[in-house]
Structures are given as C-alpha cells and as structure tokens.
Amino acid sequence: CTAPGATEPHDTRTPGRLGQPVSTHPSRAARCGLAPCSQFRDVQVIAPPIVFSAAVGRWRGAFDRAGRPAAGCAVSVGNFDGVHLGHAALVARLRAVAERLDVPAVALTFDPHPASLVRPGAAPVPLTTPARRAELLLGLGLDAVLVQPVDRGLIDLPPEAFYRDVLRGLLEAAALVE
C-alpha cells in the first residue's frame, strides 16, 4: 500500500538497553498503519507505539513497508501495571503459544491508563512507569513490549477497528492470549 507521503520503513534494530526504548517510530505516522489508507481505515487517528525489546529473542524490531512486524506475533493486550503473579502466568501462556507458532511474544500495554481520559476522577494511580513495566515484562521472557500512547483517537476507536486495524493489521497478530 502506498499512501501519499509514505516514507521508507523505520528499522528499529538500533541497539538499546533492557527497559530502554529502542525506537518511538516517528516515521511510522506517515505510513499505511497510521495514515489515511484503504487498508487501515480507522488507525490514522492514533499515535504509534513505543517499542521496548529484549536483547535476545524472536523480536527483531524490523517492520515491513506497511509498518507491521515482519513476522507477526502472539500478543496479549492489557495495562500490566504492577506486574504480578497473574501477569507472570499470562506471560507464560503467551510464551508457550508464541513458541508453538514460532513468532515473537509481545505485550501491548497503554500509557496513560485509558481510564485517565474516560473517567479522570476514577483512574487508577499508576504503580509503575511504562519503562519499568516493560523491564518487568521483558524479564519474564517476552520478546517485546509495545506501549501504546492513549489519546482521544485511541479512545474513540471502535473495538472492531482496534481488532481489525491494530491487532490483526498493524501487529499481524497470529494469536491473542488473554
């Protein structure tokens, strides 16, 4: 897909320390996954995720020309704040599925918590920063953690569009683990 003003893919294989962003993908905003395009009808309104990746693992940080992970992934979606034993069990299931499919195990989390925009007075107080959350999740064996910035565009995105355009389209999720 070639959207007007599309740029070359941003290679995220830049070395980074555990828990440090490898890339914020500034060039992705102009490409299909985040710009007006028939393939991604509703995604144009959300910001690109910040990627944290393990030093070793299946996630290579390479994105194809449409801004998607080159090989797809197994993904779990959640806030993952204050990573605890329940999260560890979920990550173990996610890793098992990813291993079976031979794809990266990826967590998609959000910052700030979506409730901070929907119900500001009732939003939970964060227990961890996104970087610390990513560090803890990577320490449990994930290949990558994507921190999706939460803004009005994401909040207003219909659930079907999030599934179609973000999970299946942008991330090419081969499996969803809940």
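Just so you know, all these numbers are worked out from the coordinates, no wet-lab data involved. Just so it is clear, the structure is predicted and the values come from calculations on it, not from any experiment. When we count neighbours, we look across all protein chains shown, and the Cβ atoms used for this are built from the backbone with ideal geometry, even at glycine.
For the peptides 104-113, 82-91, what is the packing order when you average, over each peptide's residues, the other Cβ atoms within 10 Å and list the highest mean first?
On the way: 104-113: 22.9, 82-91: 14.8.
Peptide ranking by packing, descending: 104-113, 82-91.
Taking the square root of 5 times each eigenvalue of the Cα gyration tensor, what semi-axes in Å does the equivalent ellipsoid of segment 108-167 have, largest first?
Working: eigenvalues 94, 63, 10 Å².
In descending order, the three semi-axes are 22, 18, 7 Å.
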Problem set entry | Spin-label proximity, E99 to segment 123-149 - amide N less than 17 Å from point 7 Å beyond Cα toward beta carbon | 138-144
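If you stretched the chain out fully between A115 and L167, how much longer would it get, using 0.36 nm times the residue separation minus the C-alpha to C-alpha distance?
Numbers: separation 52, 0.36 × 52 = 18.72 nm, distance 2.05 nm.
Extra length from A115 to L167 when fully extended: 16.7 nm.
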For this session: Calculate the dipole size of segment 83-178 relative to its Cα centre from +1 charges on Lys and Arg beta carbons and -1 charges on Asp and Glu beta carbons; express the result in debye to the nearest 20.
Result: 240 debye
